[in-house]
Amino acid sequence: MIYAQNLRHRLLDIESLHIGGGHTAIIGPNGSGKTTFLKLCAGIELPHHGTLTISGKEPRAVHTGWVGEVPDNNLVFRTVYDEVASGLRFRRTPVDDIEPAVLGVLSDMGILHLCSRTSHTLSGGEKVLVACAAALALSPELLILDETDTHLDRKAAEILETIIRKRPAPCILQCTQDMDTAARADRVVFFEGGRPRYAGTPKEVFFHLSETEMYPSLWRIAECI
Amino acid sequence: MYLKADRLTLSHGEWNLRADGVFGQGVHLVTGPVGSGKTTLASALAGIFEPASGRINRDGILHLTLSMQFPEYHVTGFLVKDEIRSWHLPVAETLRQAGLDGRQNAKTLTLSRGELKRLHLTCLLGNLWDAVILDEPFAGLDCREKKRVCAAIEEGNHPLIIIFTHEQAVLPAADVIWEIEEGALVCRGKVPEAIPAWKGAPRYLTRATEEGAQPKNIRLQDATEALCRMHA
């Protein structure tokens, strides 16, 4: 679904990378190029060199939902309802269809009680959940979550994971520092020094990381039982 | 030396949080759901959020600092070297500790968020404080850096550390566990006795205790050692 060929952009240096549909976890140390890669996939930045296509299209031609790590950067509108409705309104969705869509996604995410709240009164974690709701309301072809779970507690992160599975986008790229979350994805890409060093199933990738802190904690526990 | 929340009530509109308890010397871990008021409580304990009622007593604490969730809020230096000097720390040594060798002339706000968090925590923990309040110190850090921060916390250079977090994989050894539940701060007690009652415990700890293990502390290594002892 995602093809990168001879991609050079800032510190990124990708000779060839193919990521299929489904849920892919992007992992790696700070400053390894994860966010830069996600920005190229979202069309937020254009590559200096090389090609990147998503389902054969330029990234900017793909309907993408983006949720970044910094909660304050995700929200634009005054109330939660307006924030979640905004994408649908920009897309000229019929008015009668907007309210059920907004309430539906808020309800699925367990944050219906936030509906009439003003965005600036939300906690950091609540802002992340609202941003996810706004992205999911649009049923994107590509959903990108850039360390979104950083500001979520265990229960909220589990809700987000459940919702992603309930409302699956054809392709989900999730950058995370929670290796247990990464271990539940369909595949994992490990970035280091701007390059995708390992890519494959979680088992294949974490095999290479078994002696490091990046090995999933629940796998360590399971190996002791 | 202690920090005491004395019948504290914190309010934002209709939202309220009650806190009553004493944070003595040691490492305190405070967890709670999204929106439960962790950041508000951290700010109140640091003295930058005015409580609706009650008071905060600081006994024997002359130097207290708060690390905010978002490291951008702390930046005062245009270049990385300026930022480090603003903390009165040696540039080369601090860069080495933060894993940012050679980046002294980079513009501080061009660092990745994880790198900025590393720089901020290295600077903050590199100073000497009587009390340190850390709001989500592990957010945005990779696993290696989380471990480094845990090691810095465990070094014991700061007599009282209060950590507000929902980190699920890499935690430091802690002395006392607190949780925010239904609008109130609740003390679960001292570690390890507090572990079974800790509702927001990380998954690995829950999994280990479900197997009957009795970890001595809350780190992953404590959970695996407890399981190994069971099966030895």
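Scanning the stretch A:140-190 for residues that are among the polar types (S, T, N, Q) and without any contact (Cβ under 8 Å) to a residue 60 or more places away in the chain gives a single hit, A:T162.
Test B:F138 against the criterion of being open to solvent by less than 10 Å² (accessible area, probe 1.4 Å) and within 10 Å of another protein chain (Cβ to nearest Cβ), and give yes or no. Criteria met by B:F138. Scanning the stretch A:54-74 for residues that are touching a residue at least 60 places away in the same chain (Cβ under 8 Å) and assigned to a loop (DSSP other than H, G, I, E, B) yields A:S55, A:V62, A:H63, A:G68, A:E69. Please determine whether any residue of the stretch A:206-220 is of a type outside the set (K, R) and either under 30 Å from A:V102 (Cα atoms) or more than 14 Å from chain B (Cβ to nearest Cβ) (or both). Among the residues of the stretch A:206-220, at least one is of a type outside the set (K, R) and either under 30 Å from A:V102 (Cα atoms) or more than 14 Å from chain B (Cβ to nearest Cβ) (or both), which makes the answer yes.
Matching residues to (1) more than 11 Å from every other protein chain (Cβ to nearest Cβ); (2) among the acidic types (D, E); (3) open to solvent by less than 10 Å² (accessible area, probe 1.4 Å):
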site: A:A133; (1), (2), (3): yes, no, yes
site: A:K155; (1), (2), (3): no, no, no
site: A:R165; (1), (2), (3): yes, no, no
site: A:L173; (1), (2), (3): yes, no, yes
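Once the stretch B:129-148 is narrowed to residues that are aliphatic (A, V, I, L, M) and within 23 Å of B:V34 (Cα to Cα), the residue that is nearest to the chain's Cα centre (by Cα) is B:L134. Of the residues making up the stretch B:14-30, those that are within 14 Å of B:G183 (Cα to Cα) and open to solvent by 10 Å² or more (accessible area, probe 1.4 Å) are B:E14, B:W15, B:N16, B:R18, B:D20. The set of residues from the stretch A:1-44 being in contact with a strand residue (DSSP E or B) (Cβ under 8 Å, 6 or more places away or on another chain) and loosely packed, with under 15 Cβ neighbours inside 10 Å comprises A:Q5, A:N6, A:R8, A:E15, A:S16, A:H18, A:G20, A:G22. Return the residues of the stretch B:193-217 that are away from every other protein chain (no Cβ under 12 Å), part of a loop (DSSP other than H, G, I, E, B) and of a type outside the set (D, E, K, R); say none if nothing qualifies. Passing the criteria: B:A194, B:Q214, B:N217. When the residues of the stretch A:175-205 are filtered to those that are within 14 Å of chain B (Cβ to nearest Cβ) and among the hydroxyl-bearing types (S, T, Y), which remaining residue is farthest from A:E69 (Cα to Cα)? Taking the candidates together, the pick is A:T181.
Does at least one position in the stretch A:203-213 carry a residue that is under 26 Å from B:H231 (Cβ atoms) and hydroxyl-bearing (S, T, Y)? Scanning the stretch A:203-213, I find at least one residue that is under 26 Å from B:H231 (Cβ atoms) and hydroxyl-bearing (S, T, Y), so the answer is yes. Looking only at residues in the stretch B:141-165 that are open to solvent by 20 Å² or more (accessible area, probe 1.4 Å) and in a loop (DSSP other than H, G, I, E, B), the one that is farthest from the other protein chains (Cβ to nearest Cβ) is B:P159. Residues that are of a type in the set (A, V, I, L, M, F, W, C) and in a strand (DSSP E or B) were ranked within the stretch A:184-225; the one that is surrounded by the fewest Cβ atoms within 10 Å (Cβ to Cβ) is A:A199. Would you please list the contacts, defined by Cβ atoms under 6 Å and residues six or more apart or on different chains, that run from a residue in the stretch B:9-35 that is more than 12 Å from every other protein chain (Cβ to nearest Cβ) and under 18 Å from B:E136 (Cβ atoms) to a residue that is modelled with pLDDT of 95 or more and open to solvent by 70 Å² or more (accessible area, probe 1.4 Å)? The qualifying pairs are B:V27/B:D175.
Cβ-Cβ distances below 9 Å connect the following pairs, each with a first residue in the stretch A:16-31 that is within 8 Å of chain B (Cβ to nearest Cβ), a second residue that is aromatic (F, W, Y), and a separation of six or more residues or different chains: A:G28/A:F190; A:G28/A:F191; A:P29/A:F191. If you filter the stretch A:79-109 down to residues that are among the basic types (K, R) and free of Cβ contacts under 8 Å to residues at least 24 places away in the same chain, you find that the one that is nearest to A:L122 (Cα to Cα) is A:R89.
If you go through the stretch A:75-116 and keep only what is closer than 19 Å to A:T162 by Cβ, open to solvent by 30 Å² or more (accessible area, probe 1.4 Å) and not in a helix (DSSP H, G or I), you end up with just A:G110.
The values are calculated or read from the model by the stated rules, or taken from the named source; none is laboratory data. The shown structure was predicted, so the numbers you read here are calculated from the model rather than taken from an experiment. No Cβ is skipped: glycine too gets one built from the backbone with ideal geometry, and neighbour counts run over all protein chains shown. Calculation scope for accessible area: heavy atoms of the full protein, side chains included, ligands and nucleic acids excluded. Shrake-Rupley method; radii C 1.70, N 1.55, O 1.52, S 1.80 Å.
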